[in-house]
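What follows is a short report on a single structure.
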Amino acid sequence: MKTIMVNGIERPLDLLNQSKGKEVLIQLKGDRQFVGTLLAFDMHINVALDNAKEMQDGEVKKNIGLTFLRGDTIIFISPASMSG
Amino acid sequence: MKTIMVNGIERPLDLLNQSKGKEVLIQLKGDRQFVGTLLAFDMHINVALDNAKEMQDGEVKKNIGLTFLRGDTIIFISPASMSG
Amino acid sequence: MKTIMVNGIERPLDLLNQSKGKEVLIQLKGDRQFVGTLLAFDMHINVALDNAKEMQDGEVKKNIGLTFLRGDTIIFISPASMSG
Amino acid sequence: MKTIMVNGIERPLDLLNQSKGKEVLIQLKGDRQFVGTLLAFDMHINVALDNAKEMQDGEVKKNIGLTFLRGDTIIFISPASMSG
Amino acid sequence: MKTIMVNGIERPLDLLNQSKGKEVLIQLKGDRQFVGTLLAFDMHINVALDNAKEMQDGEVKKNIGLTFLRGDTIIFISPASMSG
Amino acid sequence: MKTIMVNGIERPLDLLNQSKGKEVLIQLKGDRQFVGTLLAFDMHINVALDNAKEMQDGEVKKNIGLTFLRGDTIIFISPASMSG
Amino acid sequence: MKTIMVNGIERPLDLLNQSKGKEVLIQLKGDRQFVGTLLAFDMHINVALDNAKEMQDGEVKKNIGLTFLRGDTIIFISPASMSG
């Protein structure tokens, strides 16, 4: 049930906290998109990803590996397994 | 009566607080639009949505599911049931 | 007399305070324009509107109803009854 | 003498303070221009204007009346009587 | 000798301090350029100019007179007598 | 194993800390790309690189050598040896 | 040896500190480029240059002389003697 999954999200950062160690989709300004394993984030929404891949039209454009993303350029972060 | 519905909105964030658990329409810069259930927000207007869908011309473009949206890119948030 | 109307505006936010409960015109960056009843604002100029309508060329483009607008995207706010 | 006119401007905001109650020309980003009577300003350079008019090519494009302008979008403010 | 002129510039704002009362060239974002007498500045690099002129291709486009410039839009400020 | 490599990344800046002295790929806004040895960074994500090279389409466009990069313009930083 | 030159750079600003009195290349947003002698900088990366020249395609476009540059518009600063 969906209700179980969103359990415990009282602040937006709780969602990121629950996504640690999982694959996330990160949309950046300027149409860049990454998928990767969320290792860490901070209050500026700076993010550390492992096994990051830059995506284009749903396909892997480039393997980046470990990556630090500045929060300033991020539009949204979504646990990738939820995408439909 | 409308007066009853807007009851209790003394600060703009009160409107978001009343919208928790409800479907909202979120307009982002760069013409992106999401609908989804508002789970949480913070003072930076970072937002956690459940069952988020990216919209285009009133139709669902993509199901995103659980999503963290950075407040920085948000133009407006509106309880979706109010749209006409 | 005009002098009576602007009475009491010592800080810019006084003008917004006097506009509460009244219809305002809000110009956003990127040529978006809203009219609606000003319910609330804060020091970031985040705004809650009731009965908001997105305008285009002086005509209603879309009824949005209750809306939270992020101050970051606002250019100006004007009591609509003053427009000529 | 010019020296007399600029008397007392030790900080940039002193110029705005001396312009209260006078007509000013305000240039916004994105080529918008307003003239109006400066009622009030704050440290963010948010501004309240009375009898504001949106200008285009030196002609009145629209009467806006009382207006709150967010400082964020302002490029310059100039006492209008000084323009040549 | 150049060494004498730059004497005493330990912080960037020292350069502006030494330019008070002198003609400066101010380059704004979006290709706007002003010359005028620097009356005052603050830590946000807000600036008050006297006898300001908007320039285009090295010619006076418009006399603006007394002007308040928001620091946010400024790229560089240069004592005009130094230009070559 | 990947698990060993990401050991110790609890905050995004830990990833940068582990990359000191190593070659990194830095993507800037506006499609600029640098590779170089990461000497230092601060909390604004300002970065000092040694032996920096501006890249274009995977080829060296210009040798810049020692360089200070303002964090404001950075999109992502990735240990170059991880790229695929 | 390179190792000697980068000695003592523990924070990014150390690189700027070591560049005082030397010629630097400064890349601004919007493709502006300056070379000049670095006189001073502050924590906002505001910079005072002496003998500044605006460059275009590696040639001097304009002599600006003493110049104050707002940090906000700076992409990178590099000791010019290091360029290749």
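The values are calculated or read from the model by the stated rules, or taken from the named source; none is laboratory data. Predicted model only: the values in this text are computed from it and were never measured. Don't worry about glycine lacking a Cβ; one is built from the backbone with ideal geometry, like all the others, and counts go over all protein chains shown. Surface areas here come from the heavy atoms of the whole protein model, side chains and all, with no ligands, DNA or RNA. Shrake-Rupley method; radii C 1.70, N 1.55, O 1.52, S 1.80 Å.
So, in the stretch F:36-80, of the ones that are open to solvent by 20 Å² or more (accessible area, probe 1.4 Å) and in contact with a Leu (Cβ under 9 Å, 6 or more places away or on another chain), which residue ends up modelled with the lowest pLDDT? Once the filter is applied, the top-ranked residue is F:80. Could you list, in sequence order, the residues of the stretch D:29-40 that are of a type outside the set (A, V, I, L, M) and assigned to a strand (DSSP E or B)? Listed by number, the residues that qualify are D:33, D:34, D:36, D:37. Among the residues of the stretch A:14-67, those identified as of a type in the set (Val, Ile, Thr), within 24 Å of residue B:49 (Cα to Cα) and touching a Lys or Arg at 6+ places or on another chain (Cβ under 8 Å) are A:35, A:37, A:45.
Of the residues A:28, A:38, the single one that is of a type outside the set (Val, Ile, Thr), facing chain F (nearest Cβ under 9 Å) and under 22 Å from residue B:44 (Cβ atoms) is A:28. Restricting attention to the stretch E:41-84 and to residues that are over 11 Å from the mean Cα position of the chain (by Cα) and assigned to a loop (DSSP other than H, G, I, E, B), the residue that is nearest to the other protein chains (Cβ to nearest Cβ) turns out to be E:84. The residue pairs whose first member lies in the stretch E:1-26 and is open to solvent by 30 Å² or more (accessible area, probe 1.4 Å), whose second member is at pLDDT below 95 and in a helix (DSSP H, G or I), and whose beta carbons are closer than 6 Å, counting only pairs six or more residues apart or on different chains, are E:23/E:80.
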